[in-house]
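Participant: One structure coming up, written as structure tokens, with questions to follow.
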Amino acid sequence: MHKIDIELVEMTMDVMKYTIDRISSTNPKIGKPKKAEELKALVGETITKEGIGGEVAFKKWRKHLMKTNVPIDHPRHLAFVPAAPTRAAIMFDLVTSASSIHGAYWMEGAGGIFCENEAMKWIVSLTGLPKGAFGVFTSGGTAANLSAIVTAREHWRENDDFKGEKGLIITSIGAHSSIKAMAKVADVDILLVDTEDVMHGSELQKAINSLTEHQRKRLFAVVGTGGTTNAGIIDDLEGIASICEKENLWFHVDAAYGGGALAADSVRQLFNGIERADSITVDPHKWMFSPYDCGAVIYKNPELAKNAHSQQGSYLDIFKDDGAHGFNPTDYQIQLTRRVRGLPLWFSLATHGTDRYKEAVERGIELAQIAGRMIKENPNVELVREPSLSCVLYRRLGWKPEDYTHWTYENHKKGFALVTPTKWKKGDTFETVSRFCFINPDTTEKDIKLILDSMV
Ligand SMILES: *Cc1c(COP(=O)(O)O)cnc(C)c1O
């Protein structure tokens with residue numbers, strides 16, 4: 001064997017060994033960030049004219065750099081929306097990379113896109129959207145929300161009455177920050193219904209009635225949330241759908257976090273009305289156990305997305321040629337060149353079956369219920385509200401905001417847990433409280449107890 005080949009094989013074995021170690025460990029160390037200068041001092045120059053060699057670079061990664069990342073799949077990482085990609089999905093993420101597939105057009109990525117579409121059919125079936133509805137995988141919920149908002153706006157502006165008007169959308173303050181950020185990207189104004197709890201149809205109607213005539217003309221879409229990131233709250237999707245139908249507005253449901261719970265029989269009815277949406281965002285990298293990054297946007301009428309997003313270019317025409325008949329994911333969202341990022345999910349679903357997904361999501365919901373009971377029994381803490389989906393908001397009696405911050409940093413420093421404070425709106429004030437978000441089925445009751453016991 002040629003020398004370079006032996007090196008390549010050895011390096012591949014090293015990488016495989018690292019990967020096997022990492023994915024077979026359910027209790028990775030919670031890493032601690034370091035300042036860039038500190039890291040530079042530890043690893044020195046890594047990009048040089050001659051190269052430092054894979055072996056040395058990989059060693060620096062293992063010894064210093066990896067340790068400053070916080071693995072999101074640690075069972076006591078209950079901050080933000082954590083993740084817990086399946087081993088099958090991680091393995092196929094490697095295969096996805098090794099296969100070098102351009103996932104924009106069927107002509108180049110038929111097999112990969114076929115697999116993505118099989119996985120997508122399952123997600124679409126969970127929503128109950130009518131026949132013809134379909135979606136594509138995106139880099140995440142942010143890109144999915146942007147793709148949906150732009151589709152809605154372009155469709156609205158097809159009407160000559162609205163050409164040249166700046167659009168307006170309505171959502172609630174419980175909506176994810178990306179809705180506001182993406183409205184900015186799309187140059188669309190946003191009106192927030194003042195509730196962090198369930199946005200009901202009646203509140204939406206009131207907000208619409210309060211608009212000036214010109215604002216009403218500019219209003220083209222409503223965003224409901226299918227599981228708020230902060231508290232797991234699902235808006236009154238049925239009520240919102242009825243108003244959107246009556247008022248002729250695009251209805252987008254952001255279920256980036258909560259979408260996984262569409263598979264859970266115990267809470268599925270909370271999402272009733274989602275089947276009347278025009279578009280839906282779901283993040284498989286949150287509660288569908290996919291590695292980063294993998295979001296999804298689904299449309300009731302995908303043709304409208306195609307009208308908005310299909311890119312034109314003389315060098316692109318070939319992909320639309322008769323010889324390349326098939327589904328072109330690039331046509332339905334903002335990105336051209338794309339990883340077939342739904343492929344790891346497909347392999348994991350094919351490996352485990354959808355029942356296992358159902359069980360794993362139900363476990364997250366169950367953990368939130370268990371945590372709720374433990375909080376009720378613990379005299380130091382108190383629920384802010386009943387757990388919703390897999391989110392639990394609770395307060396440590398007598399603590400000020402800085403006590404929560406200090407506690408979070410201490411737990412992190414010790415490598416024990418990552419649980420971060422959040423704010424909950426009560427009347428006109430925001431209270432700092434503690435929050436759990438469960439995703440990882442490997443989290444145990446003992447983990448929850450240890451965390452609550454540390455709040456002394
Ligand atoms: C996380 C989240 C998003 C943003 O998704 P990214 O994948 O982080 O881009 C949008 N909406 C909701 C409700 C979310 O929870």
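Participant: Being hydroxyl-bearing (Ser, Thr, Tyr) and modelled with pLDDT of 95 or more is the filter here; which residues of segment 413-456 pass it?
Facilitator: Thr420, Thr422, Thr432, Ser434, Thr443, Thr444, Ser454, listed by residue number.
Participant: Another one. Residue by residue through segment 382-404, note down the ones that are under 27 Å from the mean Cα position of the chain (by Cα) and loosely packed, with under 14 Cβ neighbours inside 10 Å.
Facilitator: If the condition is that a residue be under 27 Å from the mean Cα position of the chain (by Cα) and loosely packed, with under 14 Cβ neighbours inside 10 Å, then Glu386 is the only one that fits.
Participant: Considering only segment 114-128, I want to know if a residue exists there that is touching a residue at least 60 places away in the same chain (Cβ under 8 Å), more than 16 Å from the ligand (Cβ to nearest atom), polar (S, T, N, Q) and assigned to a loop (DSSP other than H, G, I, E, B).
Facilitator: No, every residue in segment 114-128 fails to be touching a residue at least 60 places away in the same chain (Cβ under 8 Å), more than 16 Å from the ligand (Cβ to nearest atom), polar (S, T, N, Q) and assigned to a loop (DSSP other than H, G, I, E, B).
Participant: Would you point out the residue of segment 224-266, among those that are aliphatic (A, V, I, L, M), under 16 Å from the mean Cα position of the chain (by Cα) and within 16 Å of the ligand (Cβ to nearest atom), that is nearest to Asp197 (Cα to Cα)?
Facilitator: Across segment 224-266, the extreme among qualifying residues is Ile233.
Participant: While we're on this one: Which ones in segment 30-47 are loosely packed, with under 13 Cβ neighbours inside 10 Å and more than 14 Å from Ala57 (Cβ to Cβ)?
Facilitator: Those that are loosely packed, with under 13 Cβ neighbours inside 10 Å and more than 14 Å from Ala57 (Cβ to Cβ): Pro33, Lys35, Ala36, Glu37, Glu38, Lys40, Ala41.
Participant: Quick check on segment 157-165. Is at least one of its residues within 16 Å of the ligand (Cβ to nearest atom) and hydrophobic (A, V, I, L, M, F, W, C)?
Facilitator: No, every residue in segment 157-165 fails to be within 16 Å of the ligand (Cβ to nearest atom) and hydrophobic (A, V, I, L, M, F, W, C).
Participant: Quick test for you: out of Ile101, Ile90, Ile72, pick the one residue that is under 21 Å from the mean Cα position of the chain (by Cα) and modelled with pLDDT of 95 or more.
Facilitator: Ile90
Participant: Another question about this same structure. Can you tell which of Ile370, Ile334 is in a helix (DSSP H, G or I), surrounded by fewer than 24 Cβ atoms within 10 Å (Cβ to Cβ) and at pLDDT 95 or above?
Facilitator: Answer to the check: Ile370.
Participant: Which condition number in (1) in a loop (DSSP other than H, G, I, E, B); (2) out of contact with any helix residue (DSSP H, G or I) (no Cβ under 9 Å at 6 or more places or on another chain); (3) exposed (fewer than 11 other Cβ atoms within 10 Å of the Cβ) is the one that Gly51 fails?
Facilitator: (2)
Participant: For segment 177-191, which positions are assigned to a helix (DSSP H, G or I) and more than 16 Å from the ligand (Cβ to nearest atom)?
Facilitator: none
Participant: Which is more than 30 Å from Tyr292 (Cα to Cα) and outside any helix (DSSP H, G or I), of Gly164, Gly135, Gly174?
Facilitator: After applying the criteria, what remains is Gly164.
Participant: Here is a follow-up. Look at segment 426-450 and say how many of its residues are surrounded by fewer than 21 Cβ atoms within 10 Å (Cβ to Cβ) and in contact with a strand residue (DSSP E or B) (Cβ under 8 Å, 6 or more places away or on another chain).
Facilitator: Result for segment 426-450: 3.
Participant: Scan segment 193-205 residue by residue and report those that are outside any helix (DSSP H, G or I), within 17 Å of Val253 (Cβ to Cβ) and either within 14 Å of the ligand (Cβ to nearest atom) or of a type in the set (A, V, I, L, M, F, W, C) (or both).
Facilitator: Matches in segment 193-205: Val193, Val198, Met199.
Participant: Have a look at Ile439, Ile448, Ile370, Ile375 and point out the one that is under 30 Å from Met120 (Cα atoms), in contact (Cβ under 8 Å) with a residue 60 or more places away in the chain and of a type in the set (Val, Ile, Thr).
Facilitator: Going through Ile439, Ile448, Ile370, Ile375 in turn, the sole match is Ile439.
Participant: May I ask you to list the residues in segment 275-303 that are under 9 Å from the mean Cα position of the chain (by Cα) and part of a strand (DSSP E or B)?
Facilitator: Passing the criteria: Thr281, Val282, Gly295, Ala296.
Participant: Please verify whether segment 143-159 includes one or more residues that are assigned by TED's automatic domain parsing to the domain that holds Pro302, touching a Lys or Arg at 6+ places or on another chain (Cβ under 9 Å), aromatic (Phe, Trp, Tyr) and in a helix (DSSP H, G or I).
Facilitator: no
Participant: With (1) out of contact with any Gly (no Cβ under 9 Å at 6 or more places or on another chain); (2) surrounded by fewer than 19 Cβ atoms within 10 Å (Cβ to Cβ) as the list, and Thr68 as the residue in question, which single condition is left unmet?
Facilitator: Here Thr68 meets the rest and fails (1).
Participant: Also, I was wondering about something else. Does Asn145 meet the test of being within 14 Å of the ligand (Cβ to nearest atom) and modelled with pLDDT of 95 or more?
Facilitator: Yes: the conditions hold for Asn145.
Participant: Take Tyr404 and tell me if it is modelled with pLDDT of 95 or more, in contact with a Pro (Cβ under 6 Å, 6 or more places away or on another chain) and not assigned by TED's automatic domain parsing to the domain that holds Ala255.
Facilitator: For Tyr404, the condition - modelled with pLDDT of 95 or more, in contact with a Pro (Cβ under 6 Å, 6 or more places away or on another chain) and not assigned by TED's automatic domain parsing to the domain that holds Ala255 - is met.
Participant: Any residue that is in a helix (DSSP H, G or I) and more than 30 Å from Gly258 (Cα to Cα) - is there at least one of those in segment 68-77?
Facilitator: The answer is no, given that none of the residues of segment 68-77 is in a helix (DSSP H, G or I) and more than 30 Å from Gly258 (Cα to Cα).
The values are calculated or read from the model by the stated rules, or taken from the named source; none is laboratory data. Fair warning: this is a prediction, and the values are worked out from it, not measured in the lab. Ideal geometry is used to build each Cβ from the backbone, glycine not excepted, and the neighbour counts take in all protein chains shown.
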